[in-house]
1. What does the average come to when, for each residue of peptide A:99-112, you count the partner chain Cβ atoms lying within 10 Å of its Cβ?
2. My understanding is that a pair violates if its Cα-Cα distance is over 21 Å; which of A:147/A:175; A:21/B:43; A:96/B:21; B:21/B:43 do that in this structure?
3. Suppose R0 equals 30 Å. What FRET efficiency, 1/(1 + (r/R0)^6) with r the Cβ-Cβ distance, do residue A:100 and residue A:214 give to the nearest 0.05?
4. Excluding residue A:40 itself, what net charge comes from residues whose Cβ is under 15 Å from its Cβ, given Lys and Arg +1 and Asp and Glu -1?
5. Along Cα-to-Cβ, 7 Å out, sits the label point; list in nm, shortest first, how far the one on residue B:155 is from those in the other copies.
6. Once you compute Rg and the Kirkwood Rh from C-alpha atoms, what is the Rg to Rh ratio for segment A:85-247?
7. Pairs of Cα atoms under 8 Å, at least six residues apart: use those to get the relative contact order of segment A:11-78, whole percent.
8. Any chance you could give the angle, 0 to 90 degrees and rounded to 10, that helix B:11-22 forms with the longest Cα principal axis of chain B?
Protein chains: 2
Amino acid sequence: MNDSSPPQGAQAVLRAVSLLKLFTSEQPEMSLAQLSQASGLNKTTTHRLLRALQSQALIDKNASTGSYSLGAGLMALGVQALASSDLRRRVRPMLKMLARETGETATLEVPVEDSMLILDEVAGRHVVAAAGNIGTRWPMHATSTGKVLLAFEAHRMEALPDSLPALAQRTMTSKDMLAQQLVEIRKRGFAESTDELEDGFAAVATVIRGALGDVQGALSIGGPSQRLGPAKRAELGAALCRAAARLRPEY
Amino acid sequence: MNDSSPPQGAQAVLRAVSLLKLFTSEQPEMSLAQLSQASGLNKTTTHRLLRALQSQALIDKNASTGSYSLGAGLMALGVQALASSDLRRRVRPMLKMLARETGETATLEVPVEDSMLILDEVAGRHVVAAAGNIGTRWPMHATSTGKVLLAFEAHRMEALPDSLPALAQRTMTSKDMLAQQLVEIRKRGFAESTDELEDGFAAVATVIRGALGDVQGALSIGGPSQRLGPAKRAELGAALCRAAARLRPEY
DNA sequence: GATCCCTCTGCCATATTATGAAACCCGCCC
DNA sequence: GGGCGGGTTTCATAATATGGCAGAGGGATC
(Lines give C-alpha, C1' and ligand atoms only; values in the text may rest on other atoms or scores of the structure.)
Protein backbone atom coordinates (compact mmCIF):
# COMPACT_ATOMS: atom_id res chain seq x y z
CA MET A 1 0.00 0.00 0.00
CA ASN A 2 2.42 2.58 1.13
CA ASP A 3 6.08 3.03 0.61
CA SER A 4 9.37 3.09 2.50
CA SER A 5 8.87 -0.17 4.27
CA PRO A 6 11.03 -0.33 7.37
CA PRO A 7 13.35 -3.16 6.44
CA GLN A 8 15.11 -5.53 8.75
CA GLY A 9 18.28 -7.33 8.14
CA ALA A 10 20.47 -5.00 6.17
CA GLN A 11 21.61 -2.50 8.68
CA ALA A 12 25.11 -2.36 7.31
CA VAL A 13 23.66 -0.86 4.17
CA LEU A 14 21.43 1.47 6.11
CA ARG A 15 24.33 2.66 8.17
CA ALA A 16 26.47 3.24 5.11
CA VAL A 17 23.75 5.28 3.49
CA SER A 18 23.20 7.24 6.65
CA LEU A 19 26.86 8.16 6.55
CA LEU A 20 26.50 9.45 3.02
CA LYS A 21 23.54 11.52 4.03
CA LEU A 22 25.50 13.27 6.74
CA PHE A 23 27.29 15.31 4.13
CA THR A 24 25.46 18.57 3.62
CA SER A 25 26.15 21.80 1.80
CA GLU A 26 27.40 23.28 5.06
CA GLN A 27 29.54 20.27 5.86
CA PRO A 28 30.87 19.01 2.57
CA GLU A 29 33.91 17.57 4.30
CA MET A 30 34.00 15.62 7.51
CA SER A 31 36.61 13.82 9.51
CA LEU A 32 36.25 10.28 10.70
CA ALA A 33 35.68 11.47 14.24
CA GLN A 34 32.94 13.84 13.15
CA LEU A 35 31.22 11.20 11.07
CA SER A 36 31.49 8.68 13.82
CA GLN A 37 29.98 11.02 16.35
CA ALA A 38 27.28 12.39 14.07
CA SER A 39 26.16 8.92 13.09
CA GLY A 40 26.44 7.49 16.55
CA LEU A 41 28.52 4.64 15.21
CA ASN A 42 31.64 3.20 16.60
CA LYS A 43 34.76 4.69 15.16
CA THR A 44 35.93 1.36 13.83
CA THR A 45 32.63 0.59 12.18
CA THR A 46 32.49 4.01 10.66
CA HIS A 47 35.94 3.59 9.31
CA ARG A 48 35.18 0.23 7.77
CA LEU A 49 32.05 1.49 6.09
CA LEU A 50 33.86 4.51 4.79
CA ARG A 51 36.55 2.36 3.30
CA ALA A 52 33.98 0.22 1.59
CA LEU A 53 32.30 3.29 0.16
CA GLN A 54 35.62 4.73 -0.80
CA SER A 55 36.57 1.60 -2.69
CA GLN A 56 33.47 2.14 -4.77
CA ALA A 57 34.30 5.80 -5.32
CA LEU A 58 31.20 6.93 -3.48
CA ILE A 59 33.43 8.65 -0.98
CA ASP A 60 36.60 10.60 -1.58
CA LYS A 61 39.28 10.96 0.98
CA ASN A 62 41.43 14.02 0.85
CA ALA A 63 44.80 12.38 1.13
CA SER A 64 46.52 15.27 2.86
CA THR A 65 43.90 16.39 5.36
CA GLY A 66 42.44 12.93 5.79
CA SER A 67 38.91 14.26 5.66
CA TYR A 68 36.16 12.58 3.73
CA SER A 69 33.79 13.98 1.15
CA LEU A 70 31.27 12.68 -1.35
CA GLY A 71 32.95 11.02 -4.28
CA ALA A 72 32.79 11.04 -8.01
CA GLY A 73 30.97 7.73 -8.06
CA LEU A 74 28.00 9.46 -6.51
CA MET A 75 28.07 12.04 -9.25
CA ALA A 76 28.00 9.19 -11.71
CA LEU A 77 25.09 7.48 -10.03
CA GLY A 78 23.32 10.76 -9.51
CA VAL A 79 23.71 11.79 -13.11
CA GLN A 80 22.57 8.34 -14.10
CA ALA A 81 19.52 8.68 -11.90
CA LEU A 82 18.79 12.08 -13.39
CA ALA A 83 19.10 10.72 -16.87
CA SER A 84 16.97 7.67 -16.30
CA SER A 85 14.08 9.80 -15.22
CA ASP A 86 14.12 12.15 -18.12
CA LEU A 87 12.13 14.57 -16.05
CA ARG A 88 14.76 17.23 -16.03
CA ARG A 89 15.37 17.18 -19.74
CA ARG A 90 11.67 17.29 -20.40
CA VAL A 91 10.96 20.17 -18.07
CA ARG A 92 13.93 22.40 -18.69
CA PRO A 93 12.54 24.23 -21.75
CA MET A 94 9.41 24.94 -19.78
CA LEU A 95 11.42 26.38 -16.90
CA LYS A 96 13.17 28.69 -19.30
CA MET A 97 9.91 29.82 -20.81
CA LEU A 98 8.33 30.45 -17.45
CA ALA A 99 11.33 32.38 -16.20
CA ARG A 100 11.40 34.49 -19.32
CA GLU A 101 7.71 35.25 -19.39
CA THR A 102 7.29 35.98 -15.70
CA GLY A 103 10.70 37.43 -14.93
CA GLU A 104 10.78 35.36 -11.74
CA THR A 105 12.73 32.24 -10.89
CA ALA A 106 11.29 28.89 -11.96
CA THR A 107 12.26 25.61 -10.35
CA LEU A 108 11.68 21.92 -10.82
CA GLU A 109 11.48 19.94 -7.61
CA VAL A 110 10.97 16.32 -6.71
CA PRO A 111 10.07 14.70 -3.41
CA VAL A 112 12.90 12.90 -1.67
CA GLU A 113 11.79 11.17 1.45
CA ASP A 114 10.04 13.86 3.46
CA SER A 115 11.45 16.89 1.74
CA MET A 116 11.58 18.62 -1.61
CA LEU A 117 14.76 18.54 -3.65
CA ILE A 118 15.48 21.31 -6.13
CA LEU A 119 16.45 19.48 -9.30
CA ASP A 120 16.67 22.39 -11.65
CA GLU A 121 16.29 26.11 -11.61
CA VAL A 122 16.21 28.94 -14.11
CA ALA A 123 16.69 32.42 -12.73
CA GLY A 124 14.35 35.14 -13.82
CA ARG A 125 15.09 38.65 -15.01
CA HIS A 126 14.91 40.04 -11.51
CA VAL A 127 18.06 38.59 -10.10
CA VAL A 128 17.09 39.03 -6.50
CA ALA A 129 16.58 35.39 -5.69
CA ALA A 130 19.69 33.59 -4.63
CA ALA A 131 20.68 31.35 -7.50
CA GLY A 132 22.47 28.07 -7.28
CA ASN A 133 19.95 26.41 -5.04
CA ILE A 134 20.01 23.28 -7.09
CA GLY A 135 20.52 20.36 -4.79
CA THR A 136 19.13 21.93 -1.67
CA ARG A 137 16.23 20.37 0.14
CA TRP A 138 13.39 22.02 1.96
CA PRO A 139 10.71 20.63 4.25
CA MET A 140 7.43 19.97 2.53
CA HIS A 141 5.16 21.87 4.83
CA ALA A 142 6.90 25.18 4.28
CA THR A 143 7.11 25.23 0.50
CA SER A 144 4.54 25.66 -2.21
CA THR A 145 5.94 22.68 -4.06
CA GLY A 146 5.81 20.56 -0.94
CA LYS A 147 2.26 21.56 -0.18
CA VAL A 148 1.02 20.81 -3.64
CA LEU A 149 2.54 17.36 -3.41
CA LEU A 150 1.01 16.81 0.00
CA ALA A 151 -2.30 17.80 -1.49
CA PHE A 152 -2.23 15.39 -4.39
CA GLU A 153 -0.52 12.43 -2.81
CA ALA A 154 -2.37 11.44 0.31
CA HIS A 155 0.22 9.07 1.68
CA ARG A 156 2.75 11.85 1.99
CA MET A 157 0.56 13.65 4.46
CA GLU A 158 0.52 10.62 6.70
CA ALA A 159 4.28 10.32 6.52
CA LEU A 160 4.68 13.93 7.61
CA PRO A 161 6.38 14.29 10.98
CA ASP A 162 4.17 15.44 13.82
CA SER A 163 6.01 18.61 14.56
CA LEU A 164 6.21 21.16 11.79
CA PRO A 165 9.07 23.51 12.57
CA ALA A 166 8.58 27.21 11.90
CA LEU A 167 11.07 28.53 9.39
CA ALA A 168 9.62 31.99 8.88
CA GLN A 169 6.89 34.29 10.09
CA ARG A 170 3.99 32.54 8.49
CA THR A 171 5.11 28.92 8.38
CA MET A 172 2.29 26.44 8.86
CA THR A 173 3.02 24.71 12.12
CA SER A 174 -0.33 23.04 12.66
CA LYS A 175 -1.02 19.86 10.80
CA ASP A 176 -4.76 20.48 11.01
CA MET A 177 -4.58 23.90 9.44
CA LEU A 178 -2.30 22.51 6.80
CA ALA A 179 -4.81 19.77 5.99
CA GLN A 180 -7.44 22.44 5.63
CA GLN A 181 -5.29 24.32 3.15
CA LEU A 182 -4.79 21.20 1.11
CA VAL A 183 -8.50 21.01 0.34
CA GLU A 184 -8.31 24.40 -1.25
CA ILE A 185 -5.14 23.48 -3.10
CA ARG A 186 -6.76 20.40 -4.58
CA LYS A 187 -9.64 22.51 -5.75
CA ARG A 188 -7.51 25.14 -7.47
CA GLY A 189 -4.76 22.88 -8.70
CA PHE A 190 -1.88 24.93 -7.35
CA ALA A 191 -0.36 25.85 -4.01
CA GLU A 192 1.03 29.09 -2.67
CA SER A 193 3.41 29.99 0.10
CA THR A 194 4.17 33.47 1.33
CA ASP A 195 6.71 34.17 4.06
CA GLU A 196 6.49 30.54 5.04
CA LEU A 197 9.88 29.29 3.98
CA GLU A 198 11.79 32.49 4.36
CA ASP A 199 10.62 35.96 5.26
CA GLY A 200 10.04 38.00 2.14
CA PHE A 201 9.87 35.02 -0.18
CA ALA A 202 6.74 33.81 -1.94
CA ALA A 203 6.12 31.06 -4.43
CA VAL A 204 3.44 29.24 -6.36
CA ALA A 205 3.57 25.62 -7.46
CA THR A 206 1.73 22.87 -9.24
CA VAL A 207 2.31 19.18 -9.84
CA ILE A 208 3.85 17.55 -12.88
CA ARG A 209 2.20 14.36 -13.97
CA GLY A 210 3.22 11.47 -16.17
CA ALA A 211 1.16 9.90 -18.88
CA LEU A 212 -0.73 7.76 -16.39
CA GLY A 213 -1.51 10.60 -14.04
CA ASP A 214 1.30 9.66 -11.70
CA VAL A 215 2.82 12.58 -9.85
CA GLN A 216 6.44 13.02 -10.83
CA GLY A 217 7.39 16.31 -9.26
CA ALA A 218 6.43 19.93 -8.93
CA LEU A 219 6.93 23.09 -10.91
CA SER A 220 7.22 26.41 -9.15
CA ILE A 221 7.74 30.10 -9.62
CA GLY A 222 9.09 32.18 -6.79
CA GLY A 223 10.20 35.68 -5.92
CA PRO A 224 9.98 38.46 -3.36
CA SER A 225 6.63 38.39 -1.57
CA GLN A 226 6.06 42.08 -2.15
CA ARG A 227 6.15 41.56 -5.88
CA LEU A 228 3.97 38.46 -5.67
CA GLY A 229 0.68 39.73 -4.25
CA PRO A 230 -2.55 37.70 -4.26
CA ALA A 231 -3.56 38.74 -7.76
CA LYS A 232 -0.14 38.04 -9.19
CA ARG A 233 -0.02 34.68 -7.45
CA ALA A 234 -3.36 33.67 -8.90
CA GLU A 235 -2.14 34.62 -12.33
CA LEU A 236 1.08 32.67 -11.92
CA GLY A 237 -0.83 29.71 -10.57
CA ALA A 238 -2.98 29.61 -13.67
CA ALA A 239 0.09 29.89 -15.88
CA LEU A 240 1.72 27.03 -14.03
CA CYS A 241 -1.30 24.83 -14.45
CA ARG A 242 -1.29 25.47 -18.18
CA ALA A 243 2.42 24.74 -18.33
CA ALA A 244 2.01 21.51 -16.40
CA ALA A 245 -0.78 20.41 -18.69
CA ARG A 246 1.45 20.91 -21.68
CA LEU A 247 4.22 18.91 -20.02
CA ARG A 248 1.97 15.94 -19.62
CA PRO A 249 3.11 13.33 -22.14
CA GLU A 250 0.69 11.75 -24.56
CA TYR A 251 -0.97 8.66 -23.38
CA MET B 1 51.19 5.23 -2.66
CA ASN B 2 47.53 5.25 -2.14
CA ASP B 3 44.76 3.49 -3.94
CA SER B 4 41.26 2.32 -3.50
CA SER B 5 42.10 -0.26 -0.92
CA PRO B 6 40.29 -3.52 -1.47
CA PRO B 7 38.38 -3.62 1.78
CA GLN B 8 37.29 -6.60 3.74
CA GLY B 9 34.39 -6.84 6.06
CA ALA B 10 31.60 -4.80 4.56
CA GLN B 11 30.41 -6.91 1.71
CA ALA B 12 26.80 -6.10 2.35
CA VAL B 13 27.60 -2.52 1.42
CA LEU B 14 29.69 -3.60 -1.52
CA ARG B 15 26.89 -5.77 -2.78
CA ALA B 16 24.36 -3.02 -2.40
CA VAL B 17 26.53 -0.62 -4.33
CA SER B 18 27.15 -3.20 -7.00
CA LEU B 19 23.41 -3.45 -7.43
CA LEU B 20 23.17 0.29 -7.92
CA LYS B 21 25.89 0.17 -10.50
CA LEU B 22 24.03 -2.36 -12.57
CA PHE B 23 21.69 0.33 -13.75
CA THR B 24 22.95 1.79 -16.99
CA SER B 25 21.61 4.11 -19.61
CA GLU B 26 20.53 1.12 -21.65
CA GLN B 27 18.97 -0.63 -18.68
CA PRO B 28 17.47 2.10 -16.54
CA GLU B 29 14.87 -0.30 -15.20
CA MET B 30 15.43 -3.84 -14.03
CA SER B 31 13.35 -6.51 -12.45
CA LEU B 32 14.32 -8.41 -9.35
CA ALA B 33 15.15 -11.48 -11.40
CA GLN B 34 17.37 -9.51 -13.73
CA LEU B 35 19.20 -7.82 -10.89
CA SER B 36 19.62 -11.05 -9.05
CA GLN B 37 21.07 -12.76 -12.05
CA ALA B 38 23.24 -9.89 -13.16
CA SER B 39 24.74 -9.53 -9.70
CA GLY B 40 25.07 -13.21 -9.10
CA LEU B 41 23.31 -12.83 -5.78
CA ASN B 42 20.61 -14.96 -4.34
CA LYS B 43 17.17 -13.63 -5.08
CA THR B 44 16.31 -13.34 -1.43
CA THR B 45 19.46 -11.41 -0.67
CA THR B 46 18.96 -9.17 -3.65
CA HIS B 47 15.47 -8.42 -2.55
CA ARG B 48 16.56 -7.60 0.95
CA LEU B 49 19.23 -5.22 -0.25
CA LEU B 50 16.86 -3.57 -2.66
CA ARG B 51 14.38 -2.98 0.11
CA ALA B 52 17.03 -1.39 2.23
CA LEU B 53 18.06 0.88 -0.62
CA GLN B 54 14.48 1.63 -1.40
CA SER B 55 13.77 2.66 2.15
CA GLN B 56 16.51 5.23 1.75
CA ALA B 57 15.09 6.42 -1.58
CA LEU B 58 18.20 5.35 -3.44
CA ILE B 59 16.04 2.98 -5.43
CA ASP B 60 12.58 3.56 -6.82
CA LYS B 61 10.16 0.81 -7.45
CA ASN B 62 7.61 1.27 -10.16
CA ALA B 63 4.54 0.19 -8.29
CA SER B 64 2.66 -1.08 -11.30
CA THR B 65 5.34 -2.91 -13.23
CA GLY B 66 7.30 -3.89 -10.15
CA SER B 67 10.59 -3.01 -11.77
CA TYR B 68 13.33 -1.10 -10.03
CA SER B 69 15.16 2.03 -11.05
CA LEU B 70 17.55 4.51 -9.51
CA GLY B 71 15.80 6.73 -7.01
CA ALA B 72 15.49 10.38 -6.20
CA GLY B 73 17.74 10.00 -3.20
CA LEU B 74 20.59 9.32 -5.55
CA MET B 75 19.81 12.48 -7.44
CA ALA B 76 20.01 14.29 -4.13
CA LEU B 77 23.31 12.74 -3.20
CA GLY B 78 24.65 13.18 -6.70
CA VAL B 79 23.70 16.82 -6.81
CA GLN B 80 25.23 17.21 -3.40
CA ALA B 81 28.42 15.60 -4.60
CA LEU B 82 28.47 17.86 -7.61
CA ALA B 83 27.96 20.90 -5.45
CA SER B 84 30.58 20.00 -2.90
CA SER B 85 33.19 19.84 -5.57
CA ASP B 86 32.30 23.09 -7.20
CA LEU B 87 34.13 21.89 -10.26
CA ARG B 88 31.14 22.01 -12.50
CA ARG B 89 30.11 25.51 -11.56
CA ARG B 90 33.63 26.73 -11.95
CA VAL B 91 34.16 25.17 -15.36
CA ARG B 92 30.82 25.78 -17.00
CA PRO B 93 31.52 29.32 -18.24
CA MET B 94 34.71 28.05 -19.77
CA LEU B 95 32.87 25.27 -21.56
CA LYS B 96 30.52 27.80 -23.05
CA MET B 97 33.32 29.99 -24.19
CA LEU B 98 35.20 27.10 -25.76
CA ALA B 99 32.11 25.86 -27.54
CA ARG B 100 31.34 29.29 -28.86
CA GLU B 101 34.85 30.09 -30.02
CA THR B 102 35.58 26.74 -31.61
CA GLY B 103 32.12 25.78 -32.77
CA GLU B 104 32.74 22.26 -31.48
CA THR B 105 31.41 20.49 -28.42
CA ALA B 106 33.21 21.04 -25.15
CA THR B 107 32.97 18.66 -22.21
CA LEU B 108 34.05 18.42 -18.61
CA GLU B 109 34.95 14.95 -17.45
CA VAL B 110 36.14 13.39 -14.24
CA PRO B 111 37.66 10.02 -13.53
CA VAL B 112 35.39 7.53 -11.86
CA GLU B 113 37.15 4.33 -11.01
CA ASP B 114 38.66 3.22 -14.30
CA SER B 115 36.61 5.29 -16.67
CA MET B 116 35.79 8.86 -17.55
CA LEU B 117 32.44 10.34 -16.61
CA ILE B 118 31.01 13.19 -18.64
CA LEU B 119 29.97 15.72 -16.03
CA ASP B 120 28.99 18.57 -18.26
CA GLU B 121 28.79 19.37 -21.91
CA VAL B 122 28.13 22.38 -24.08
CA ALA B 123 27.28 21.70 -27.69
CA GLY B 124 29.03 23.71 -30.35
CA ARG B 125 27.61 25.45 -33.36
CA HIS B 126 28.01 22.40 -35.54
CA VAL B 127 25.33 20.25 -34.07
CA VAL B 128 26.63 17.02 -35.44
CA ALA B 129 27.81 15.54 -32.20
CA ALA B 130 25.15 13.66 -30.31
CA ALA B 131 24.20 15.82 -27.38
CA GLY B 132 22.97 14.63 -24.06
CA ASN B 133 25.97 12.51 -23.26
CA ILE B 134 26.14 13.84 -19.75
CA GLY B 135 26.37 10.93 -17.39
CA THR B 136 27.87 8.45 -19.78
CA ARG B 137 31.18 6.83 -19.04
CA TRP B 138 33.94 5.86 -21.41
CA PRO B 139 37.03 3.74 -20.93
CA MET B 140 40.14 5.78 -20.32
CA HIS B 141 42.37 4.29 -22.96
CA ALA B 142 40.06 5.25 -25.82
CA THR B 143 39.39 8.90 -24.97
CA SER B 144 41.52 11.99 -25.09
CA THR B 145 40.39 12.93 -21.60
CA GLY B 146 41.23 9.50 -20.28
CA LYS B 147 44.64 9.51 -21.85
CA VAL B 148 45.54 12.89 -20.51
CA LEU B 149 44.62 11.69 -17.03
CA LEU B 150 46.62 8.54 -17.47
CA ALA B 151 49.53 10.69 -18.52
CA PHE B 152 49.48 12.96 -15.52
CA GLU B 153 48.47 10.55 -12.80
CA ALA B 154 50.81 7.61 -12.79
CA HIS B 155 48.79 5.39 -10.48
CA ARG B 156 45.91 5.30 -12.94
CA MET B 157 48.08 3.65 -15.51
CA GLU B 158 48.85 0.86 -13.09
CA ALA B 159 45.21 0.37 -12.32
CA LEU B 160 44.37 0.02 -15.98
CA PRO B 161 43.06 -3.42 -16.90
CA ASP B 162 45.40 -5.57 -18.91
CA SER B 163 43.20 -5.91 -21.92
CA LEU B 164 42.28 -2.74 -23.74
CA PRO B 165 39.21 -3.43 -25.83
CA ALA B 166 39.03 -1.94 -29.28
CA LEU B 167 36.08 0.39 -29.69
CA ALA B 168 36.91 1.81 -33.08
CA GLN B 169 39.37 1.55 -35.93
CA ARG B 170 42.31 3.17 -34.23
CA THR B 171 41.75 2.35 -30.59
CA MET B 172 44.96 1.80 -28.65
CA THR B 173 44.91 -1.83 -27.64
CA SER B 174 48.51 -2.19 -26.58
CA LYS B 175 49.46 -0.96 -23.15
CA ASP B 176 53.03 -0.44 -24.25
CA MET B 177 52.16 1.74 -27.18
CA LEU B 178 49.81 3.67 -24.95
CA ALA B 179 52.59 4.26 -22.43
CA GLN B 180 54.71 5.56 -25.26
CA GLN B 181 52.02 8.02 -26.25
CA LEU B 182 51.77 9.28 -22.70
CA VAL B 183 55.34 10.55 -22.80
CA GLU B 184 54.44 12.76 -25.71
CA ILE B 185 51.25 13.88 -23.98
CA ARG B 186 53.11 14.90 -20.86
CA LYS B 187 55.47 16.92 -23.00
CA ARG B 188 52.78 18.78 -24.90
CA GLY B 189 50.29 19.08 -22.08
CA PHE B 190 47.33 17.77 -24.01
CA ALA B 191 46.07 14.50 -25.46
CA GLU B 192 44.38 13.67 -28.74
CA SER B 193 42.27 10.84 -29.94
CA THR B 194 41.12 10.25 -33.48
CA ASP B 195 38.85 7.39 -34.48
CA GLU B 196 39.75 5.71 -31.23
CA LEU B 197 36.48 5.94 -29.35
CA GLU B 198 34.16 5.95 -32.29
CA ASP B 199 34.87 5.99 -35.99
CA GLY B 200 34.74 9.51 -37.29
CA PHE B 201 35.10 11.16 -33.92
CA ALA B 202 38.14 13.08 -32.75
CA ALA B 203 38.87 15.02 -29.58
CA VAL B 204 41.55 16.91 -27.74
CA ALA B 205 41.85 17.19 -23.97
CA THR B 206 43.87 18.63 -21.13
CA VAL B 207 43.79 18.35 -17.35
CA ILE B 208 42.16 20.69 -14.90
CA ARG B 209 44.14 21.32 -11.76
CA GLY B 210 43.30 22.69 -8.35
CA ALA B 211 45.24 25.30 -6.46
CA LEU B 212 47.74 22.74 -5.21
CA GLY B 213 48.33 21.19 -8.59
CA ASP B 214 46.03 18.29 -7.85
CA VAL B 215 44.33 16.88 -10.91
CA GLN B 216 40.57 17.37 -10.67
CA GLY B 217 39.33 16.39 -14.09
CA ALA B 218 39.73 16.98 -17.78
CA LEU B 219 38.51 19.47 -20.32
CA SER B 220 37.94 18.45 -23.90
CA ILE B 221 36.80 19.58 -27.29
CA GLY B 222 35.51 17.06 -29.76
CA GLY B 223 33.97 16.80 -33.20
CA PRO B 224 34.07 14.91 -36.51
CA SER B 225 37.58 13.71 -37.26
CA GLN B 226 37.49 15.12 -40.77
CA ARG B 227 37.02 18.60 -39.39
CA LEU B 228 39.69 18.10 -36.73
CA GLY B 229 42.87 17.50 -38.68
CA PRO B 230 46.35 17.58 -37.13
CA ALA B 231 46.74 21.33 -37.45
CA LYS B 232 43.32 22.02 -36.02
CA ARG B 233 43.95 19.63 -33.17
CA ALA B 234 47.19 21.33 -32.27
CA GLU B 235 45.42 24.65 -32.26
CA LEU B 236 42.64 23.34 -30.08
CA GLY B 237 45.12 21.73 -27.73
CA ALA B 238 46.86 25.03 -27.21
CA ALA B 239 43.55 26.74 -26.60
CA LEU B 240 42.62 24.11 -24.06
CA CYS B 241 45.87 24.54 -22.20
CA ARG B 242 45.30 28.26 -21.97
CA ALA B 243 41.76 27.67 -20.78
CA ALA B 244 42.90 25.20 -18.14
CA ALA B 245 45.52 27.61 -16.90
CA ARG B 246 42.88 30.27 -16.43
CA LEU B 247 40.71 27.81 -14.54
CA ARG B 248 43.42 27.16 -12.02
CA PRO B 249 42.38 28.87 -8.80
CA GLU B 250 44.72 31.25 -6.99
CA TYR B 251 46.95 29.70 -4.46
C1' DG C 1 -10.59 -21.11 -16.05
C1' DA C 2 -6.16 -23.37 -15.63
C1' DT C 3 -1.26 -22.62 -15.84
C1' DC C 4 3.00 -20.42 -15.62
C1' DC C 5 6.20 -16.93 -14.18
C1' DC C 6 7.60 -13.50 -11.08
C1' DT C 7 7.48 -10.81 -6.94
C1' DC C 8 7.13 -10.60 -2.18
C1' DT C 9 7.07 -12.42 2.53
C1' DG C 10 8.28 -15.37 6.06
C1' DC C 11 10.88 -18.98 8.53
C1' DC C 12 15.15 -20.82 10.26
C1' DA C 13 19.67 -23.22 10.89
C1' DT C 14 24.18 -22.06 9.62
C1' DA C 15 28.45 -19.74 9.71
C1' DT C 16 29.84 -15.96 7.54
C1' DT C 17 30.14 -11.36 8.59
C1' DA C 18 30.08 -7.25 11.24
C1' DT C 19 31.06 -5.47 15.63
C1' DG C 20 33.52 -2.58 19.07
C1' DA C 21 36.97 -2.57 22.88
C1' DA C 22 41.49 -2.07 23.13
C1' DA C 23 45.90 -1.34 21.31
C1' DC C 24 48.83 0.81 18.00
C1' DC C 25 50.74 4.64 15.09
C1' DC C 26 51.82 9.11 13.92
C1' DG C 27 52.07 13.92 13.67
C1' DC C 28 51.46 17.89 16.73
C1' DC C 29 51.53 20.83 20.60
C1' DC C 30 52.53 21.82 25.18
C1' DG D 1 60.03 14.03 25.96
C1' DG D 2 55.48 13.17 27.15
C1' DG D 3 50.92 13.64 26.40
C1' DC D 4 47.12 14.14 23.06
C1' DG D 5 43.85 13.76 19.40
C1' DG D 6 43.19 11.89 15.42
C1' DG D 7 43.30 7.64 12.21
C1' DT D 8 44.23 2.73 11.61
C1' DT D 9 44.70 -2.17 12.76
C1' DT D 10 43.85 -6.42 15.36
C1' DC D 11 41.03 -9.93 17.31
C1' DA D 12 37.67 -12.67 20.04
C1' DT D 13 32.83 -12.53 20.24
C1' DA D 14 28.13 -12.80 18.86
C1' DA D 15 25.21 -10.54 16.25
C1' DT D 16 24.12 -10.37 11.61
C1' DA D 17 23.44 -11.68 6.94
C1' DT D 18 22.75 -15.57 4.17
C1' DG D 19 20.14 -18.55 1.18
C1' DG D 20 17.46 -22.69 0.87
C1' DC D 21 12.68 -23.64 1.00
C1' DA D 22 7.77 -22.71 0.72
C1' DG D 23 3.57 -20.33 0.20
C1' DA D 24 0.57 -16.35 -0.95
C1' DG D 25 -0.76 -12.92 -4.33
C1' DG D 26 -0.91 -11.03 -9.22
C1' DG D 27 -0.39 -10.73 -14.07
C1' DA D 28 0.11 -12.56 -17.88
C1' DT D 29 -0.57 -16.36 -21.43
C1' DC D 30 -2.77 -20.25 -23.22
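1. Partner Cβ neighbours, averaged per residue: 1.
2. Exceeds cut-off: A:21/B:43; A:96/B:21.
3. Plugging the Cβ-Cβ distance into 1/(1 + (r/R0)^6) gives 0.55.
4. +3
5. In ascending order, 4.4 nm.
6. Working: Rg = 14.2 Å, Rh = 15.4 Å.
On the Cα set of segment A:85-247, Rg over Rh gives 0.93.
7. After rounding, I find 29 percent.
8. 60 degrees
The values are calculated or read from the model by the stated rules, or taken from the named source; none is laboratory data. This one's a predicted model, so the numbers in the text were calculated from it and none came from an experiment. Cβ atoms come from the backbone with ideal geometry, glycine included; neighbour counts cover every protein chain shown. Calculation scope for accessible area: heavy atoms of the full protein, side chains included, ligands and nucleic acids excluded. Shrake-Rupley method; radii C 1.70, N 1.55, O 1.52, S 1.80 Å.
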